[in-house]
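Worksheet: one structure, shown below.
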Amino acid sequence: MNTIRLGIEGMTCANCSARVERALGKTGGVSDAAVNLATERATITYDPTLTSPDALLQAVEKAGYRPVAQEATLSIGGMTCANCSARVERALSKTPGVLQASVNLATERASVRYLPGSVGPADLGHVVEKAGYQVIGDDAQDPVEAEREARDRHLRALRRDLGIAAAFAGPLVLLTMLHMFVPAVDAWIMNLVGMRGFVLTSFVLASVVQFGPGLRFYRPGWKSLRAGSPDMNALVMIGTSAAYGYSLVATFLPRVLPEGTANVYYEASAAIITLILLGKYLEAVAKGRTSEAIQKLMNLQAKTARVVRGDEELEVPIGEVRPGDAVLVRPGERIPVDGRVLSGSSYVDESMITGEPVPVHKMDGAEVVGGTLNERGAFRFEATRTGADTVLSQIIRMVEEAQGSKPRIQALADRIVSVFVPFVMAVAAITFVTWMLLGPEPALTFALVNMVAVLIIACPCAMGLATPTSIMVGTGKGAEMGVLFRKGDALQSLHEARVVALDKTGTLTQGRPALTDLEVAPHADGDEALRLIAAAEAHSEHPIAGAIAHAAREKGWDLPEPDRFDAVAGFGIDAVVEGRHVQVGAARYMQQLGIDTATLAARADALAADGKTPLYAALDGVLTALVAVADPVKPTTPAAVAALHHLGYEVAMITGDDRRTAHAIAAQLGIDQVEAEVLPDGKVDAVKRLQQGGRKVAFVGDGINDAPALAQADVGLAIGTGTDIAIEAADVVLMAGDLHGVPNAIALSKATMNNIRQNLFWAFAYNVVLIPVAAGVLYPAFGVLLSPILAATAMGLSSVFVLSNALRLRRFVPPAVQQPQPSGAQEPALAPA
């Protein structure tokens with residue numbers, strides 16, 4: 001029986017605690033449940049074979065309350081292959097109070113979701129240490145700095161061990177190979193020291209390697225064997241010990257061996273350890289490069305900030321900046337935290353957030369983001385978000401979470417890795433027995449060499465690194481492009497999508513109406529007509545009226561106050577401005593007023609066919625002008641839609657517009673399918689219709705009402721300038737405010753998934769092909785055997801190959817190039833009727 005303590009939120013009285021207690025008591029496998037209202041905690045004793053902590057949490061949630069769970073990320077040192085990470089993951093998962101544990105070999109991190117009343121970070125650390133590994137860093141130390149220091153120590157230790165191993169194994173291998181390349185020198189050495197002296201010298205050199213640098217394989221390898229979960233270290237330990245031990249017997253007790261089999265393989269054990277250390281060193285260097293994206297993001301964080309407190313200007317560490325502080329920024333400095341400009345102006349390079357290369361002008365009231373670079377002017381801003389709440393911190397957290405997640409494609413590799421090393425050990429045993437029974441003389445020698453080759457050639461590391469390294473580099477590259485994958489699985493889901501559904505307002509378009517056209521009658525003055533119309537519309541609350549007024553103000557005009565203003569519900573407005581009678585509305589309003597619209601009717605129909613909203617304007621009872629208002633398409637939208645088509649995707653649009661307007665915009669952009677007249681709560685049904693027939697749908701949106709559709713889609717992409725709710729519901733966040741990130745994200749997902757497939761193919765094919773070769777299957781037909789030294793070389797290179805292939809993603813070039821957006825409203829076209 002296990003006992004856990006579970007924090008519970010939302011209980012307000014004894015009835016609440018009693019209801020939770022009853023709900024827990026009814027859960028199968030629970031023998032006792034006691035709920036304390038004062039401490040808001042439940043103590044539960046249960047049979048882990050009949051229920052699980054997750055089931056207990058669900059019982060609490062079903063009763064209507066919120067169980068308290070926390071998440072911790074542990075940096076773990078000492079893991080060398082997929083079996084290591086699997087063993088740590090199993091140990092953490094079996095710990096009472098741990099709900100979920102995921103260990104990533106590439107990042108060397110464990111993500112643990114646990115019940116804080118039952119287990120804590122210190123307990124999790126003890127579990128990791130008991131499994132034979134180390135938790136890096138402590139609460140007082142910056143975890144990023146701790147991880148960097150640990151990686152540097154690990155690299156230095158590998159370099160030291162490699163240097164020692166090479167210094168002793170090099171002469172040993174050279175002496176052994178002399179008779180093949182320089183027989184005269186070999187004969188001279190034999191005359192000088194004799195065969196016995198040569199063997200003893202080999203023994204000394206090999207012993208230094210075996211029990212010096214080689215100890216790094218013995219310690220974890222022995223622990224893994226004792227735990228019943230052998231790993232790569234165990235394979236190396238057994239293989240090299242077999243070669244070294246056999247040589248030891250042949251050196252000091254040759255009579256116990258069959259006649260003609262007392263051969264020594266000191267050079268094999270020493271060379272194997274040296275070559276594997278070389279492979280591990282190259283692997284560690286490459287793994288360090290896969291996390292460069294996170295390091296680059298972290299390097300963007302300023303270390304200090306210049307804060308004004310009272311009458312003093314203080315330079316304080318970034319961690320001491322608080323919301324509400326006034327912060328000064330000079331030219332060339334990085335903005336330390338997020339905020340709002342109070343005074344001054346400048347141009348800020350925000351490319352690290354949006355991917356847009358054009359500096360953004362900042363003035364009073366503008367939002368600034370921590371980590372971005374101030375280029376020209378100086379300004380003062382009010383800190384609004386600090387610490388973990390800043391945009392940069394959230395980006396780093398998203399990237400880390402995505403890098404630590406496991407996409408579905410890794411499930412096969414995980415299943416194979418879980419049985420891989422025991423399988424290899426079984427193959428090695430079969431190889432030894434087969435060669436002993438059926439091999440040529442000396443059978444023992446053949447059996448030993450081939451068994452060692454099988455143990456050494458097998459590489460679970462490549463399998464374990466194949467997926468996470470590609471995910472690390474791919475998500476890191478995405479962050480550099482302004483594309484944030486909140487989950488690693490989103491890379492696979494986006495790759496599998498066949499339809500990209502786009503919300504119109506705010507996604508395809510600017511999200512705010514603008515005056516696009518002004519047509520005037522022959523007798524009218526266009527500027528005067530627009531000024532009077534805008535003055536009248538300025539008192540209307542309708543978005544279209546606001547667009548007309550905004551266009552006039554953009555020209556620098558002061559709009560006069562109307563002498564009278566009336567809104568005619570469902571038709572338009574009726575106002576008096578500077579003594580002129582101004583009436584603006586749709587065609588039905590003009591008909592009601594008895595004003596003939598024939599001269600501008602054809603143009604109005606053409607504007608409506610283009611997806612714009614035409615309105616007639618009459619001054620003093622005479623038709624004077626036709627204005628058209630539309631939500632302008634973002635400048636980058638046409639190129640983004642074309643890029644999606646080029647990538648082979650069908651593009652759909654979901655909008656609440658009437659069908660005529662929707663189809664006009666779709667025709668203009670080349671959109672394949674339209675879901676028009678969709679009510680705000682109907683977007684989920686629209687996505688479901690697109691999913692019919694088993695099609696995978698990616699939905700792109702930015703508003704609060706897009707959140708359900710983002711969740712319903714197979715993969716949701718949120719425009720980063722949208723609402724927090726939309727971003728939280730999405731799988732992918734596009735930091736820029738336009739669609740150029742969508743084809744970029746899709747192309748990156750395709751490149752990453754192809755890279756993962758290549759890695760998995762190499763990792764599996766390498767083992768499938770070379771393990772039988774190492775076992776000697778080619779010997780009967782071709783007389784070919786694989787030397788253990790060559791096996792060690794191949795094993796080391798397999799991991800390096802996988803990592804190098806993943807690093808190719810850093811050279812990924814996005815297919816869509818962002819175009820800078822114009823600032824300000826679109827200039828209306830002025831043309832006489």
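The values are calculated or read from the model by the stated rules, or taken from the named source; none is laboratory data. The model shown is predicted, which means the values in this text are computed figures rather than measured ones. All Cβ positions, even for glycine, are placed from backbone atoms using ideal geometry, and neighbour counts span all protein chains on display. Accessible surface areas use protein heavy atoms only, side chains included; no ligands, DNA or RNA. Shrake-Rupley method; radii C 1.70, N 1.55, O 1.52, S 1.80 Å.
Computed per residue of the chain from DSSP H runs no shorter than four, each worth -39500 (n - 2.57), the mean residue ellipticity at 222 nm is -16000 deg cm²/dmol.
With the biggest extent put first, the Cα atoms of segment 27-134 measure 45, 27, 21 Å across the principal axes. Each 10 Å bin from zero up to the one holding the largest Cα-Cα distance in segment 191-231 carries the following percent of pairs: 27, 29, 23, 15, 6, 0. Taken per residue, the accessible surface of segment 508-588 reaches 46 Å², heavy atoms only and a 1.4 Å probe. Estimated at 0.36 nm per residue, the fully extended path between Lys696 and Ala18 surpasses their Cα-Cα distance by 239.6 nm. Nearest 5 percent is fine: what portion of the DSSP beta bridges confined to the chain is antiparallel? Antiparallel bridges make up about 80 percent of those DSSP assigns within the chain. Here, segment 745-794 is characterised by an Rg to Rh ratio of 1.26, where Rg is the alpha-carbon radius of gyration and Rh the Kirkwood radius.
The distance between label points at Asp123 and Glu312 comes to 4.5 nm (points 7 Å beyond Cα on the Cα→Cβ vector). The longest part of the chain holding none of the exposed loop GluC sites (Glu not before Pro), meaning those outside H, G, I, E and B in DSSP with at most 10 other Cβ atoms within 10 Å, is 542-833. The overall shape of segment 635-788 is prolate: from the C-alpha gyration tensor, with semi-axes ordered a ≥ b ≥ c, the ratio a/c is 1.5 or greater and a/b exceeds b/c. Once the Cα atoms are used to define both axes, helix 215-226 deviates from the longest principal axis of the chain by about 80 degrees. Straightening the chain between Thr73 and Arg498 buys 149.5 nm, computed as 0.36 nm per residue apart minus the Cα-Cα spacing. Cα centroid separation, segment 89-124 to segment 460-474: 21 Å. Shown is the FRET efficiency for Ala366 and Val768, computed with R0 = 56 Å from the Cβ-Cβ distance and rounded to the nearest 0.05: 0.45. Expressed in units of 2.2 N^0.38 Å, where N is the residue count, the Cα radius of gyration of segment 284-346 is 1.45. Projected label points at Ala667 and Met436, each 7 Å from Cα along the beta carbon direction, are separated by 8.4 nanometres. Expressed as a whole percent, the accessible area of the chain that falls on carbon and sulfur atoms is 56 (1.4 Å probe). Ellipsoid semi-axes for segment 365-521, based on the Cα gyration tensor and the rule √(5λ), read 59, 22, 12 Å when sorted largest first.
For segment 336-389, applying the loop criterion from DSSP together with a ceiling of 15 other beta carbons within 10 Å to the trypsin sites (Lys or Arg not before Pro) yields Arg376.
Computed from Cα atoms alone, the Kirkwood hydrodynamic radius reported for the chain is 32.1 Å. On the beta carbon distance between Arg153 and Ser102, with R0 = 25 Å, the FRET formula returns roughly 0.50.
Between the helical axis of 14-25 and the longest alpha-carbon principal axis of the chain there is an angle of about 40 degrees. For segment 234-292, the set of trypsin sites (Lys or Arg not before Pro) satisfying both a DSSP loop assignment and a count of at most 16 other C-beta atoms within 10 Å is empty. Extension gain for Leu215-Phe423 works out to 72.5 nm (0.36 nm per residue, less the C-alpha to C-alpha distance). In this simple spin-label model, placing a label point 7 Å from the Cα along the Cα-to-Cβ direction at both Arg330 and Arg376 gives a separation of 2.0 nm.
Relative to the dominant Cα principal axis of the chain, helix 410-438 is inclined by about 20°. For Lys555 and Thr384, the FRET efficiency from 1/(1 + (r/R0)^6), where r spans their Cβ atoms and R0 equals 30 Å, is about 0.35.
Legend: residues Ile456, Ile238, sorted from most to least accessible area (1.4 Å probe; ligands, DNA and RNA excluded), read Ile238, Ile456.
A convex hull fitted to the Cα coordinates of segment 235-371 yields 185 cubic angstrom per residue. From the largest down, segment 601-695 spans 60, 29, 19 angstrom on the principal axes of its Cα atoms.
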